[in-house]
Amino acid sequence: MRALMVLLALASWALAQTLRLPERAPAGEPLVLEGENLPQGRFPLLLEGPHGTETLEVEVREGRFSLTLTPKDPGHYRLVLSLPSGPLEARFQVLPPEPPSLTPDGLRLPWGLVPLPPGDWLGPLVEGNRVYVAQGLLVVEAGLEGEGLRFHFAPARIKELRPGPEALLETGRTLALPFPPLPFEGKEEDLASLKPLLDFFQPPRPWPYFAYWALDPKDLTPEDLAAYRESLRGRGHRPELFHGQEGVVRMAEAARALLREDPERARALAETLLAATPLFPNSLEFFHEVAEALEAQGHPEEALRYREALGWLKAWLPPALPEGRLALGTLAVAYLALLLYLFLLYLPAQLRDLKPVGGFLRGFFRHPLLRLRHLTLAYASLGERALALGLLLLLVGGVLLYGLDQRAREALFAPPLDRGTLATEAAQDFLRGLPALPAVKAHLGYALLSEAPKEAAALLGASGLPFALALKGKAAEAYAKAPWDGGVRAALGLGTDPWGERTPGPSARTLYLTLLQVAWTRFLEDPLRGFLGLSLPLPQGARVWAFLTLFLLLVYHLLAFFLPRPKGAPPALWSRLVRLLLPGSLGFSSGLGAVLLLLAAYGFWAFLQGEPAYLLLAYGIHLLLWIGALRRPA
């Protein structure tokens, strides 16, 4: 009876031995295996899964043990614990891991949740054990196994993530991750959307230069400014080219505001602007202000350095032309005043000679050929005809020069040429769309140096510009043309300019002259279309009439040289009165008259601006000459 009771106790104890674990668990996540009512000691544990068998060992203390398992492969698993009383078995199933997904709280991964700020996130894209999501200019990379985050800055807004991994940008370009160091081609709103991402993630620095534009310039540290300068240089930006980005302008505005509040920080910002992006809107005035502030603060050496740099910057910018509209207005007033003077001076003789052919207006219909012989310029002297034609040619040339200059400057100081580099895809496409002039090919060749060296070499060979010669290995020829060019001097080992050693390249001035040549070439190919495309202060509809008017006036003046001058002189009293009206009318043959005429025309516009001195001077000299002429016979 006692033996039977012992056997029953042993059986009940054996039946109470259990292995406890979840029936199902996702792959890659830990699960806990627990044993209860087990004998003391160490026992082998056999784990059978989809990819074979593994032997483990567990240690039982006080009848219990606990073991953490992390099965990675989906499938059915079997556990066998070998005990003195016999094997103890348990089974469980490992489910495939849930694919990464975007949730309102962030990026759901097998190991947990990656918090993401609100916004339109792209992805997730899974490549191997890496997961990518993107918003705006930023790509966030995470690992399926719980590794830390990585960040990638795109040079333009990302439209789509593709296997590779690759990113399709808003510009239409597809780039592989990690992104190559390309210049920024995004927009200001892209930087505005980048700011909250930087605040949320706090990516490790250094960043690309355009990421710093998303921050307040006053918050940039010296380390940030150093990384900013290095990034600009590494992504193909040149100090000789114009930087019109709003980020550069904001940095200059911050420096100007800090000149009195925090001079040290203002100097750091100004130094960064001078070293990396010295050409930007109103940069000459800005650096002049900085030089004056430094001198006032007791730093004459630094002030001198800025003043010396201004000379280099002026040489890189397009040549300064006189005030275009004022010059055109002066020529137009002088020309119209001369025509009015000649019309009034010879009107009596003209009316006298036109009576037989029907009069001043009816003669055009009754005897048109005879009427043409009595045009106003037919009565003018050869000198007066030449002066009128000269003023008209100056006016036409001024209109063309002004229009071509404005068109070239508009292209130079606007996207895609105002990014401080020609390495952007938009700038290269712009250059490809221009006429295939040698200067255009040289700039395109420079832009393609890093992407297509062979094509770049062929394009550079067609030009004699200094930077093109230096890039072709003809640095001596380049030096003969541009001995002050820093890139050319560096190529010859003759030192460099304040911006350090760098590859020879174009400046804003060479690019401007190329654009001016392009505009002139297009005008010659189709004068009417080219004239309509000029940047003139005229409505688009009035430009056709302006072109026809100038063309007909040229024909009229040229025709006048073939018309015989009718005999007879205007009445003396009438002639003296008319000559009194126009400064310079007494001395056109000597050249002094033309000077007085232009002075009076300029004085007319100055008088409208409240400065009558020039007009009074012209009329004062003219009046003295007119009074002196009264003593001579008419």
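Only one entry of 296, 291 meets the criterion of being open to solvent by 70 Å² or more (accessible area, probe 1.4 Å) and either of a type in the set (Phe, Trp, Tyr) or more than 23 Å from residue 233 (Cβ to Cβ) (or both), and that entry is 296. Taking the stretch 87-102 as the range and being part of a strand (DSSP E or B) and either within 22 Å of residue 23 (Cβ to Cβ) or open to solvent by less than 20 Å² (accessible area, probe 1.4 Å) (or both) as the test, the residues that pass are 87, 88, 89, 90, 91, 92, 93, 94, 95.
The conditions of being open to solvent by 90 Å² or more (accessible area, probe 1.4 Å) and of a type in the set (A, V, I, L, M) are met by residue 304.
Checking each residue in the stretch 316-368 for being modelled with pLDDT of 75 or more, of a type outside the set (A, V, I, L, M) and either in a helix (DSSP H, G or I) or under 22 Å from residue 583 (Cβ atoms) (or both) picks out 316, 323, 324, 325, 329, 330, 335, 341, 343, 346, 348, 352. Name the residue that is farthest from the chain's Cα centre (by Cα), counting only residues in the stretch 144-168 that are part of a loop (DSSP other than H, G, I, E, B) and surrounded by 15 or more Cβ atoms within 10 Å (Cβ to Cβ). Out of the qualifying residues, it is 144.
Taken across the stretch 196-216, residues that are under 16 Å from the mean Cα position of the chain (by Cα), within 28 Å of residue 417 (Cβ to Cβ) and open to solvent by 20 Å² or more (accessible area, probe 1.4 Å) do not occur at all. If the condition is being over 14 Å from residue 575 (Cβ atoms) and either of a type in the set (A, V, I, L, M) or over 51 Å from the mean Cα position of the chain (by Cα) (or both), then the stretch 334-351 contributes 334, 336, 337, 338, 339, 340, 351. Test residue 105 against the stated conditions and say whether it is open to solvent by 20 Å² or more (accessible area, probe 1.4 Å), among the charged types (D, E, K, R), more than 22 Å from residue 24 (Cβ to Cβ) and at pLDDT below 90. For residue 105, the condition - open to solvent by 20 Å² or more (accessible area, probe 1.4 Å), among the charged types (D, E, K, R), more than 22 Å from residue 24 (Cβ to Cβ) and at pLDDT below 90 - is met. Of everything listed in (1) closer than 22 Å to residue 344 by Cβ; (2) among the aromatic types (Phe, Trp, Tyr); (3) open to solvent by less than 70 Å² (accessible area, probe 1.4 Å), the single unmet condition for residue 574 is (3).
Scanning the stretch 42-73 for residues that are among the β-branched types (Val, Ile, Thr) and loosely packed, with under 14 Cβ neighbours inside 10 Å, we see that the one that is farthest from the chain's Cα centre (by Cα) is 55.
Among residues that are part of a loop (DSSP other than H, G, I, E, B), surrounded by 12 or more Cβ atoms within 10 Å (Cβ to Cβ), touching a Lys or Arg at 6+ places or on another chain (Cβ under 8 Å) and not basic (Lys, Arg), residue 141 is not included.
Listed by first and then second residue, the pairs linking a residue in the stretch 147-162 that is at negative phi to a residue that is of a type outside the set (Lys, Arg) and open to solvent by 80 Å² or more (accessible area, probe 1.4 Å), with Cβ atoms under 7 Å apart and 6 or more places separating them unless they lie on different chains, are 152/178; 156/170; 157/170; 159/170. Taking the criterion of being part of a helix (DSSP H, G or I), more than 17 Å from residue 397 (Cβ to Cβ) and either open to solvent by 70 Å² or more (accessible area, probe 1.4 Å) or of a type in the set (A, V, I, L, M) (or both), the residues of the stretch 523-551 that qualify are 525, 528, 529, 532, 540, 542, 544, 545, 548.
Yes or no, residue by residue, for (1) modelled with pLDDT under 95; (2) not aliphatic (A, V, I, L, M):
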residue	(1), (2)
210	no, yes
214	no, no
225	no, no
241	no, no
249	no, no
297	yes, yes
301	yes, yes
312	yes, yes
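The values are calculated or read from the model by the stated rules, or taken from the named source; none is laboratory data. None of these values were measured; they are calculated from a predicted model. As a convention, Cβ positions derive from the backbone with ideal geometry for all residues, glycine included, and neighbour counts pool all protein chains shown. Note: accessible area is taken over every heavy atom of the protein model, side chains too, but ligands, DNA and RNA are not part of it. Shrake-Rupley method; radii C 1.70, N 1.55, O 1.52, S 1.80 Å.
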